[in-house]
1. Taking the stretch 31-63 as the region of interest, how many residues are small (G, A, S), within 13 Å of R130 (Cα to Cα) and part of a helix (DSSP H, G or I)?
2. Please go through the stretch 23-34 and give me each residue that is within 23 Å of V141 (Cβ to Cβ) and crowded, with 16+ Cβ neighbours inside 10 Å, ordered by number.
3. Take the residues in the stretch 148-164 that are among the β-branched types (V, I, T) and surrounded by fewer than 16 Cβ atoms within 10 Å (Cβ to Cβ), then tell me which one is nearest to L182 (Cα to Cα).
4. Please indicate, with yes or no, whether at least one residue in the stretch 171-185 is in contact with a strand residue (DSSP E or B) (Cβ under 6 Å, 6 or more places away or on another chain) and on the phi < 0 side of the Ramachandran plot.
5. Is at least one residue of the stretch 69-91 at pLDDT 55 or above and surrounded by 11 or more Cβ atoms within 10 Å (Cβ to Cβ)?
6. Which of the residues belonging to the stretch 118-128 are modelled with pLDDT under 95 and surrounded by fewer than 16 Cβ atoms within 10 Å (Cβ to Cβ)?
7. Being modelled with pLDDT of 95 or more and closer than 25 Å to I54 by Cα, is that true of even one residue in the stretch 134-142?
8. Quickly run through the stretch 152-179 and pick out the residues that are charged (D, E, K, R) and within 13 Å of the chain's Cα centre (by Cα).
Amino acid sequence: MLTLRDIMTPEVVTLDPEMTLRDALEILTGRHISGAPVVEGGRIVGVFSAMDAIEFLATTPGVPDVASTQDEGDAEDPQEPTDMDADAPAAYFVDFWSDAGADVGERFRDVGTAAWDLLAEHTVSEAMSRRAAALTPDASVRAAADVMQRTGVHRVLVMDGTKLAGIVSALDIANAVALRRLDSRRYVYPGRSSHITPS
């Protein structure tokens, strides 16, 4: 039986709850992952994913694209837009969700607007999910897949007592299936009466 210990990533990227959403997304982008546990004082307090950031941004009232005009008496010149890379780190994730909506996608991609600054003004603790699925290293991969299917999460924390031993994502399970590492017992897929035996 294939266990989480067999497929988990032992070196887990963690995030701080007080980190800005922008910084967190840059870390996820740099590591090519879509989510990570949030740790405070050695204790797991939640999980933050790119989807959490998208949902947060989608439900946060819009901000003006242009800074408010100054009072007539102000003689300062308006600030020119900064010359930043056209591909914002968060744009890496937008393509994963076709239903994210054009407005959310544009707000992630355009780093020269006040909307992008919104990501620097809010923290991970404001957007993270406080529910985290956790299993032991000896739990089966099938048990992890069942937890993901029932709870709608995309990753399971692998806990050895109170210690974070690793993380298993839905992609890790898909890779195990693709590499035919799962056992060949008959599977019953939810919502179907037929049994399918992996080849």
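The values are calculated or read from the model by the stated rules, or taken from the named source; none is laboratory data. Quantities reported herein were computed from a predicted structural model and do not represent experimental measurements. Note that we place each Cβ from the backbone using ideal geometry, even for glycine, and neighbour counts take in every protein chain shown.
1. Going through the stretch 31-63 one residue at a time, the tally reaches 0.
2. Listed by number, the residues that qualify are I33, S34.
3. T151
4. No: zero hits.
5. No, there is no match, as no residue in the stretch 69-91 is at pLDDT 55 or above and surrounded by 11 or more Cβ atoms within 10 Å (Cβ to Cβ).
6. Within the stretch 118-128, A120, E121 meet the criteria.
7. yes
8. Residue satisfying the conditions is R155 alone.
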